[in-house]
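**Q** Dropping a structure here in C-alpha coordinates format, bear with me for questions.
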Amino acid sequence: MDIIDKLESGERLCEKDALALYDLDIFTLGKYAKRVRERLWGRKVYFNINRHINPTNICKDVCKFCAFSANRKNPHPYKYSKEDVLAIAKDACERGIKEVHIVSAHNEEHDLRWYIDIISEIKKRFPSLHIKALTAAEVHFLSTLGRLSYDETLDKMIEAGVESMPGGGAEIFAEDIRAYICKGKVSSANWLKIHELWHEKGKFSNATMLFGHIEKREDRIDHMLRLRASQDRAAGFNAFIPLVYQRDNNYLKTDNFLGSVEILKTIAISRLVLDNIPHIKAYWATATMNLAMVAQEFGADDLDGTIEKEAIQSAAGAKSADGQSLGDFLDVITTSGFIPVERDSLYNELKVYE
Ligand code: V47
(Lines give C-alpha, C1' and ligand atoms only; values in the text may rest on other atoms or scores of the structure.)
Protein backbone atom coordinates (compact mmCIF):
# COMPACT_ATOMS: atom_id res chain seq x y z
CA MET A 1 0.00 0.00 0.00
CA ASP A 2 1.47 3.39 -0.79
CA ILE A 3 1.63 6.13 1.79
CA ILE A 4 -1.36 8.09 0.42
CA ASP A 5 -3.53 4.95 0.55
CA LYS A 6 -2.45 4.43 4.14
CA LEU A 7 -3.31 8.02 5.02
CA GLU A 8 -6.69 7.64 3.33
CA SER A 9 -7.44 4.42 5.19
CA GLY A 10 -6.27 5.77 8.56
CA GLU A 11 -4.11 2.68 9.10
CA ARG A 12 -1.44 2.98 11.82
CA LEU A 13 1.85 4.24 10.36
CA CYS A 14 5.13 2.34 10.80
CA GLU A 15 8.62 3.84 10.96
CA LYS A 16 9.15 3.60 7.21
CA ASP A 17 5.78 5.27 6.50
CA ALA A 18 6.48 8.05 8.98
CA LEU A 19 9.81 8.85 7.33
CA ALA A 20 8.21 8.78 3.90
CA LEU A 21 5.82 11.51 5.06
CA TYR A 22 8.72 13.98 5.03
CA ASP A 23 8.98 13.43 1.26
CA LEU A 24 5.40 14.52 0.64
CA ASP A 25 4.91 18.13 -0.32
CA ILE A 26 3.84 20.29 2.60
CA PHE A 27 0.28 20.85 1.33
CA THR A 28 -0.50 17.16 0.84
CA LEU A 29 0.95 16.36 4.24
CA GLY A 30 -0.93 19.27 5.79
CA LYS A 31 -4.21 18.16 4.25
CA TYR A 32 -4.06 14.79 6.03
CA ALA A 33 -2.84 16.18 9.36
CA LYS A 34 -5.58 18.81 9.25
CA ARG A 35 -8.14 16.12 8.52
CA VAL A 36 -7.19 14.28 11.72
CA ARG A 37 -7.13 17.50 13.73
CA GLU A 38 -10.56 18.54 12.46
CA ARG A 39 -12.04 15.09 13.07
CA LEU A 40 -10.88 15.31 16.69
CA TRP A 41 -11.33 18.99 17.51
CA GLY A 42 -12.99 20.83 14.60
CA ARG A 43 -11.75 24.43 14.41
CA LYS A 44 -11.24 24.72 18.17
CA VAL A 45 -7.84 25.66 19.53
CA TYR A 46 -7.11 25.11 23.18
CA PHE A 47 -5.16 27.27 25.60
CA ASN A 48 -5.01 27.87 29.31
CA ILE A 49 -4.26 30.81 31.52
CA ASN A 50 -1.10 29.78 33.26
CA ARG A 51 2.01 31.06 34.97
CA HIS A 52 5.42 29.43 34.66
CA ILE A 53 7.56 29.45 37.82
CA ASN A 54 11.23 28.43 37.64
CA PRO A 55 12.52 28.45 41.23
CA THR A 56 16.25 28.16 40.48
CA ASN A 57 18.67 28.16 37.55
CA ILE A 58 21.55 26.54 39.44
CA CYS A 59 22.03 23.13 37.86
CA LYS A 60 24.38 20.23 38.46
CA ASP A 61 23.88 19.05 34.86
CA VAL A 62 25.29 20.72 31.76
CA CYS A 63 22.96 20.32 28.82
CA LYS A 64 24.60 21.87 25.77
CA PHE A 65 21.33 23.38 24.49
CA CYS A 66 20.40 25.07 27.77
CA ALA A 67 20.87 28.82 28.13
CA PHE A 68 18.73 28.98 31.26
CA SER A 69 21.09 27.36 33.75
CA ALA A 70 23.78 29.49 35.32
CA ASN A 71 27.17 28.89 33.69
CA ARG A 72 29.98 30.78 32.02
CA LYS A 73 27.62 32.22 29.41
CA ASN A 74 24.94 33.06 31.96
CA PRO A 75 26.73 34.25 35.11
CA HIS A 76 23.51 35.11 36.97
CA PRO A 77 22.63 32.27 39.33
CA TYR A 78 19.41 32.67 41.30
CA LYS A 79 17.44 30.72 43.85
CA TYR A 80 13.94 31.67 44.97
CA SER A 81 13.00 31.30 48.61
CA LYS A 82 9.76 29.52 49.50
CA GLU A 83 8.27 32.95 50.24
CA ASP A 84 9.20 34.13 46.72
CA VAL A 85 7.38 31.18 45.15
CA LEU A 86 4.35 31.62 47.41
CA ALA A 87 4.18 35.33 46.56
CA ILE A 88 4.15 34.49 42.81
CA ALA A 89 1.44 31.86 43.33
CA LYS A 90 -0.65 34.29 45.42
CA ASP A 91 -0.39 37.01 42.82
CA ALA A 92 -1.25 34.52 40.04
CA CYS A 93 -4.26 33.21 41.91
CA GLU A 94 -5.57 36.69 42.70
CA ARG A 95 -5.42 37.58 39.01
CA GLY A 96 -7.49 34.55 37.99
CA ILE A 97 -4.65 32.34 36.74
CA LYS A 98 -5.67 28.68 36.77
CA GLU A 99 -2.38 26.77 36.57
CA VAL A 100 1.14 27.14 37.90
CA HIS A 101 3.76 25.26 35.89
CA ILE A 102 6.74 24.71 38.19
CA VAL A 103 9.97 23.42 36.66
CA SER A 104 13.52 24.07 37.65
CA ALA A 105 17.17 23.27 37.34
CA HIS A 106 18.79 20.39 39.23
CA ASN A 107 20.02 22.16 42.34
CA GLU A 108 21.14 20.04 45.28
CA GLU A 109 19.98 22.72 47.73
CA HIS A 110 16.42 22.25 46.48
CA ASP A 111 15.68 18.65 47.37
CA LEU A 112 12.35 16.84 47.18
CA ARG A 113 11.42 18.06 50.69
CA TRP A 114 11.82 21.67 49.45
CA TYR A 115 9.38 21.08 46.57
CA ILE A 116 6.96 19.05 48.67
CA ASP A 117 6.78 21.82 51.32
CA ILE A 118 6.21 24.52 48.77
CA ILE A 119 3.69 22.57 46.72
CA SER A 120 1.64 21.56 49.78
CA GLU A 121 1.66 25.16 50.94
CA ILE A 122 0.49 26.44 47.53
CA LYS A 123 -2.29 23.84 47.51
CA LYS A 124 -3.33 24.70 51.07
CA ARG A 125 -3.45 28.44 50.47
CA PHE A 126 -4.71 28.47 46.86
CA PRO A 127 -6.67 25.25 46.30
CA SER A 128 -8.10 26.47 42.99
CA LEU A 129 -4.65 26.53 41.35
CA HIS A 130 -3.79 23.42 39.34
CA ILE A 131 -0.19 22.45 40.03
CA LYS A 132 1.69 21.06 37.04
CA ALA A 133 5.17 20.39 38.36
CA LEU A 134 8.46 18.53 38.10
CA THR A 135 9.60 17.00 34.84
CA ALA A 136 10.70 13.37 34.66
CA ALA A 137 14.28 14.71 34.58
CA GLU A 138 13.64 16.40 37.93
CA VAL A 139 11.92 13.30 39.32
CA HIS A 140 15.04 11.32 38.41
CA PHE A 141 17.35 13.94 39.95
CA LEU A 142 15.31 14.30 43.17
CA SER A 143 14.87 10.53 43.57
CA THR A 144 18.61 9.96 43.17
CA LEU A 145 19.44 12.80 45.58
CA GLY A 146 16.99 11.52 48.21
CA ARG A 147 17.69 7.80 47.58
CA LEU A 148 14.04 7.17 46.84
CA SER A 149 12.49 5.03 44.17
CA TYR A 150 10.64 6.81 41.37
CA ASP A 151 7.46 5.33 42.76
CA GLU A 152 8.05 6.84 46.21
CA THR A 153 8.86 10.26 44.73
CA LEU A 154 5.74 10.25 42.57
CA ASP A 155 3.58 9.25 45.55
CA LYS A 156 5.00 12.11 47.60
CA MET A 157 4.28 14.52 44.75
CA ILE A 158 0.68 13.35 44.56
CA GLU A 159 0.27 13.60 48.32
CA ALA A 160 1.57 17.19 48.22
CA GLY A 161 -0.88 18.24 45.50
CA VAL A 162 0.87 17.86 42.15
CA GLU A 163 -1.93 17.17 39.69
CA SER A 164 -0.11 16.74 36.41
CA MET A 165 3.45 16.45 35.15
CA PRO A 166 4.94 18.63 32.42
CA GLY A 167 6.61 17.04 29.42
CA GLY A 168 10.11 18.49 29.75
CA GLY A 169 13.37 16.60 29.83
CA ALA A 170 12.51 14.24 26.98
CA GLU A 171 14.81 16.14 24.58
CA ILE A 172 15.50 13.47 21.97
CA PHE A 173 15.43 9.80 22.91
CA ALA A 174 18.08 8.52 20.45
CA GLU A 175 20.87 7.55 22.84
CA ASP A 176 23.82 8.76 20.73
CA ILE A 177 22.36 12.27 20.33
CA ARG A 178 21.20 12.35 23.94
CA ALA A 179 24.69 11.47 25.16
CA TYR A 180 26.09 14.42 23.21
CA ILE A 181 23.50 17.11 24.02
CA CYS A 182 22.60 16.23 27.63
CA LYS A 183 24.99 13.68 29.05
CA GLY A 184 24.10 12.64 32.60
CA LYS A 185 20.41 13.54 32.32
CA VAL A 186 17.70 10.93 32.95
CA SER A 187 17.98 8.17 30.35
CA SER A 188 15.31 7.84 27.66
CA ALA A 189 14.14 4.53 29.14
CA ASN A 190 13.79 6.05 32.60
CA TRP A 191 12.05 9.18 31.28
CA LEU A 192 9.43 6.88 29.75
CA LYS A 193 9.29 4.65 32.84
CA ILE A 194 8.59 7.64 35.13
CA HIS A 195 5.72 8.79 32.92
CA GLU A 196 4.30 5.27 32.71
CA LEU A 197 4.40 4.94 36.52
CA TRP A 198 2.66 8.32 36.79
CA HIS A 199 -0.02 7.27 34.31
CA GLU A 200 -0.55 3.97 36.16
CA LYS A 201 -1.43 6.09 39.19
CA GLY A 202 -4.28 7.58 37.16
CA LYS A 203 -2.47 10.85 36.44
CA PHE A 204 -1.84 12.80 33.22
CA SER A 205 1.25 14.35 31.73
CA ASN A 206 2.71 15.77 28.51
CA ALA A 207 5.64 14.78 26.33
CA THR A 208 8.08 17.12 24.61
CA MET A 209 10.64 16.65 21.85
CA LEU A 210 13.48 19.11 21.33
CA PHE A 211 14.24 19.28 17.59
CA GLY A 212 16.12 21.37 15.08
CA HIS A 213 19.62 20.86 16.50
CA ILE A 214 21.88 17.95 15.52
CA GLU A 215 19.20 15.26 15.32
CA LYS A 216 18.09 13.75 12.01
CA ARG A 217 14.57 13.13 10.76
CA GLU A 218 15.03 9.46 11.75
CA ASP A 219 15.64 10.51 15.35
CA ARG A 220 12.43 12.54 15.47
CA ILE A 221 10.42 9.61 14.13
CA ASP A 222 12.12 7.25 16.60
CA HIS A 223 11.17 9.68 19.40
CA MET A 224 7.53 9.78 18.32
CA LEU A 225 7.35 6.00 18.00
CA ARG A 226 8.81 5.44 21.47
CA LEU A 227 6.13 7.78 22.84
CA ARG A 228 3.38 6.01 20.91
CA ALA A 229 4.50 2.62 22.27
CA SER A 230 4.65 4.03 25.80
CA GLN A 231 1.14 5.47 25.45
CA ASP A 232 -0.06 2.03 24.30
CA ARG A 233 1.45 0.48 27.43
CA ALA A 234 0.19 3.05 29.96
CA ALA A 235 -1.94 5.85 28.53
CA GLY A 236 -1.82 9.28 30.12
CA PHE A 237 -0.06 11.68 27.74
CA ASN A 238 -2.48 14.52 27.02
CA ALA A 239 -0.30 16.44 24.62
CA PHE A 240 2.78 16.12 22.46
CA ILE A 241 4.87 19.29 22.37
CA PRO A 242 7.53 19.63 19.66
CA LEU A 243 9.94 22.32 20.93
CA VAL A 244 11.89 24.14 18.26
CA TYR A 245 15.53 24.51 19.28
CA GLN A 246 16.63 28.10 20.11
CA ARG A 247 20.32 28.62 19.55
CA ASP A 248 21.49 31.72 21.46
CA ASN A 249 23.72 31.82 24.56
CA ASN A 250 24.41 28.11 24.79
CA TYR A 251 26.99 25.48 23.84
CA LEU A 252 25.18 23.51 21.14
CA LYS A 253 26.27 24.70 17.75
CA THR A 254 24.45 23.50 14.67
CA ASP A 255 24.22 24.30 10.98
CA ASN A 256 20.96 22.44 10.89
CA PHE A 257 18.69 25.32 11.94
CA LEU A 258 15.25 24.50 10.60
CA GLY A 259 13.07 26.56 8.31
CA SER A 260 9.30 26.88 8.70
CA VAL A 261 8.48 24.12 6.21
CA GLU A 262 10.48 21.48 8.12
CA ILE A 263 8.92 22.64 11.41
CA LEU A 264 5.39 22.43 9.98
CA LYS A 265 6.13 19.04 8.43
CA THR A 266 7.33 17.74 11.80
CA ILE A 267 4.18 19.01 13.54
CA ALA A 268 1.97 17.48 10.83
CA ILE A 269 3.82 14.16 11.01
CA SER A 270 3.45 14.08 14.78
CA ARG A 271 -0.32 14.50 14.37
CA LEU A 272 -0.41 11.56 11.95
CA VAL A 273 1.97 9.23 13.82
CA LEU A 274 0.76 9.86 17.37
CA ASP A 275 -2.69 8.40 16.83
CA ASN A 276 -3.08 7.72 20.57
CA ILE A 277 -2.15 11.18 21.94
CA PRO A 278 -5.13 13.53 21.84
CA HIS A 279 -3.48 16.94 21.54
CA ILE A 280 -0.58 18.39 19.57
CA LYS A 281 0.73 21.60 21.03
CA ALA A 282 2.25 24.33 18.87
CA TYR A 283 4.31 25.90 21.62
CA TRP A 284 4.37 29.51 20.47
CA ALA A 285 7.32 30.35 22.72
CA THR A 286 9.61 28.34 20.44
CA ALA A 287 7.62 28.21 17.19
CA THR A 288 6.78 31.97 17.27
CA MET A 289 3.19 33.12 17.42
CA ASN A 290 2.92 33.48 13.64
CA LEU A 291 4.09 29.96 12.86
CA ALA A 292 1.97 28.57 15.69
CA MET A 293 -1.06 30.08 13.94
CA VAL A 294 -0.14 28.36 10.67
CA ALA A 295 0.53 25.12 12.58
CA GLN A 296 -3.18 25.01 13.46
CA GLU A 297 -3.76 24.18 9.79
CA PHE A 298 -1.10 21.45 9.99
CA GLY A 299 -2.41 19.32 12.84
CA ALA A 300 -1.85 21.35 16.01
CA ASP A 301 -4.87 22.10 18.20
CA ASP A 302 -3.30 23.56 21.34
CA LEU A 303 -1.26 26.70 22.02
CA ASP A 304 -0.20 26.10 25.64
CA GLY A 305 -1.21 29.33 27.33
CA THR A 306 -0.56 32.94 28.10
CA ILE A 307 2.54 31.86 30.15
CA GLU A 308 3.21 35.32 31.69
CA LYS A 309 6.90 34.70 32.42
CA GLU A 310 9.03 32.34 30.39
CA ALA A 311 12.67 31.86 31.36
CA ILE A 312 13.97 28.74 29.60
CA GLN A 313 13.48 29.35 25.90
CA SER A 314 13.75 33.14 26.17
CA ALA A 315 17.25 32.69 27.64
CA ALA A 316 18.15 31.02 24.33
CA GLY A 317 16.67 33.72 22.13
CA ALA A 318 12.89 33.10 22.02
CA LYS A 319 10.64 36.18 22.27
CA SER A 320 8.57 34.75 25.11
CA ALA A 321 9.96 36.31 28.30
CA ASP A 322 6.77 38.23 29.12
CA GLY A 323 4.15 35.82 27.81
CA GLN A 324 1.09 37.08 25.93
CA SER A 325 -1.78 39.21 27.14
CA LEU A 326 -5.08 37.38 26.95
CA GLY A 327 -6.55 40.03 24.65
CA ASP A 328 -3.73 39.75 22.10
CA PHE A 329 -3.81 35.98 22.30
CA LEU A 330 -7.54 35.84 21.56
CA ASP A 331 -7.28 38.39 18.72
CA VAL A 332 -4.54 36.47 16.92
CA ILE A 333 -6.38 33.16 17.19
CA THR A 334 -9.70 34.57 16.07
CA THR A 335 -8.27 36.45 13.10
CA SER A 336 -6.50 33.28 11.99
CA GLY A 337 -9.89 31.60 11.65
CA PHE A 338 -9.93 29.36 14.73
CA ILE A 339 -12.15 29.24 17.78
CA PRO A 340 -10.22 29.91 20.99
CA VAL A 341 -11.24 27.62 23.82
CA GLU A 342 -9.94 28.24 27.29
CA ARG A 343 -9.33 24.87 28.91
CA ASP A 344 -8.24 23.73 32.31
CA SER A 345 -5.03 21.78 32.70
CA LEU A 346 -6.77 18.48 31.97
CA TYR A 347 -8.49 19.74 28.81
CA ASN A 348 -11.95 20.30 30.24
CA GLU A 349 -13.45 23.22 28.31
CA LEU A 350 -13.96 26.33 30.47
CA LYS A 351 -14.94 28.98 27.93
CA VAL A 352 -15.50 28.93 24.19
CA TYR A 353 -14.83 32.36 22.59
CA GLU A 354 -17.24 32.27 19.64
O1 V47 B 1 13.07 19.94 28.41
C2 V47 B 1 15.79 24.03 26.88
C3 V47 B 1 13.58 22.85 26.46
C4 V47 B 1 12.17 22.17 28.07
C5 V47 B 1 16.01 25.03 24.99
O6 V47 B 1 4.40 20.11 29.52
C7 V47 B 1 14.76 24.40 25.00
O8 V47 B 1 2.97 21.64 29.01
C9 V47 B 1 14.31 25.17 22.89
O10 V47 B 1 9.24 21.12 28.83
N11 V47 B 1 15.53 25.76 22.79
C12 V47 B 1 11.43 22.62 29.28
N13 V47 B 1 13.91 24.47 23.96
C14 V47 B 1 10.10 23.28 28.89
C15 V47 B 1 9.00 22.29 28.76
C16 V47 B 1 7.60 22.68 28.56
C17 V47 B 1 7.30 23.92 28.06
C18 V47 B 1 5.95 24.26 27.90
C19 V47 B 1 4.94 23.40 28.21
C20 V47 B 1 5.26 22.15 28.72
C21 V47 B 1 4.16 21.24 29.11
C22 V47 B 1 6.59 21.78 28.90
O23 V47 B 1 12.71 23.32 27.42
C24 V47 B 1 13.37 21.29 28.25
C25 V47 B 1 14.12 21.51 26.96
O26 V47 B 1 13.77 20.57 25.99
N27 V47 B 1 14.67 23.77 26.17
N28 V47 B 1 16.62 24.80 26.17
C29 V47 B 1 16.41 25.72 23.81
N30 V47 B 1 17.61 26.28 23.69
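The values are calculated or read from the model by the stated rules, or taken from the named source; none is laboratory data. From a predicted model like this one, the values you see are computed outputs, not experimental measurements. Methodologically, a virtual Cβ is constructed for each residue, glycine included, from the backbone with ideal geometry; neighbour enumeration extends over all protein chains shown. Calculation scope for accessible area: heavy atoms of the full protein, side chains included, ligands and nucleic acids excluded. Shrake-Rupley method; radii C 1.70, N 1.55, O 1.52, S 1.80 Å.
**Q** May I ask for the angle, rounded to the nearest 10°, between helix 82-94 and the longest principal axis of the chain, with both axes built from Cα atoms and the value confined to 0 to 90°?
**A** That helix lies at roughly 50 degrees to the long axis.
**Q** To test your reading of the geometry: what angle, between 0 and 90 degrees and rounded to tens, separates the Cα axis of helix 326-335 from the longest principal axis of the chain?
**A** Value to nearest ten degrees: 0.
**Q** Tell me the mean residue ellipticity at 222 nm calculated for the chain from its helices only (DSSP H runs of n ≥ 4, each -39500 (n - 2.57), averaged over every residue, nearest 500). The partial results should precede the final answer.
**A** On the way: 15 runs with 155 residues, N = 354.
So the calculated ellipticity at 222 nm is -13000 deg cm²/dmol.
**Q** Using alpha carbons only, how many degrees (0 to 90, rounded to 10) separate the axis of helix 26-41 from the longest principal axis of the chain?
**A** It is inclined by approximately 60 degrees.
**Q** Heavy atoms only, 1.4 Å probe, whole protein assembly: order E163, E262 by accessible area, highest first.
**A** Values: E163 60, E262 35 Å².
Correct descending sequence by accessible area is E163, E262.
**Q** Note down the magnitude of the dipole of the chain about its Cα centre, charges +1 on Lys and Arg C-beta and -1 on Asp and Glu C-beta and zero elsewhere, to the nearest 20 debye. Before the final figure, lay out each step's value.
**A** Numbers: 48 positive and 53 negative charges, 72 e Å.
Around 340 debye, computed over the chain.
**Q** Let me ask something else about it. What's the extension gain from E152 to T28 if we count 0.36 nm per residue and subtract their Cα-Cα distance?
**A** Values: separation 124, 0.36 × 124 = 44.64 nm, distance 4.73 nm.
Gain on stretching E152 to T28: 39.9 nm.
**Q** Report the antiparallel proportion of the DSSP beta bridges in the chain as a percent, rounded to a multiple of 5.
**A** Values: 5 of 32 bridges.
Around 15 percent antiparallel, to the nearest 5.
**Q** Just by accessible area at a 1.4 angstrom probe, what is the order of E200, E15, E308 from largest to smallest?
**A** Working: E200 130, E15 100, E308 45 Å².
Largest to smallest exposure gives the sequence E200, E15, E308.
**Q** If you don't mind, there's one more thing I want to ask. Could you sort K44, K193 by accessible area so the largest value comes first, with the probe set to 1.4 Å? Please report the intermediate quantities before stating the final value.
**A** On the way: K44 60, K193 105 Å².
Sorted by accessible area, descending: K193, K44.
**Q** If you don't mind, there's one more thing I want to ask. Starting from the amide H of H52, placed 1.01 Å from N in the peptide plane, find each other amide H under 5 Å away whose residue is 5 or more places distant or on another chain.
**A** So H52 has HN proximity to H101, K309.
**Q** Please give, to one decimal in nm, the separation of the simple spin-label points placed at N74 and A20, each 7 Å out from Cα toward the Cβ.
**A** That separation, rounded to one decimal, is 4.2 nm.
**Q** Here is a follow-up. Please give the solvent-accessible surface of K351 in Å², to the nearest 10, using a probe radius of 1.4 Å with every protein chain present.
**A** 100 Å²
**Q** If you count only protein heavy atoms and use a 1.4 Å probe, how large is the accessible surface of W114, to the nearest 10 Å²?
**A** Only protein atoms counted, so the area is about 30 Å².
**Q** Could you do me a favour and compute the accessible area per residue for region 10-340, 1.4 Å probe, result in Å²?
**A** Details: 12980 Å² over 331 residues.
For region 10-340, the per-residue accessible area is 39 Å².
**Q** Farthest toward the dipole's positive end in the chain, which of W284, A89, W41, given Cβ charges of +1 (Lys, Arg) and -1 (Asp, Glu) about the Cα centre?
**A** Farthest towards the positive pole: A89.
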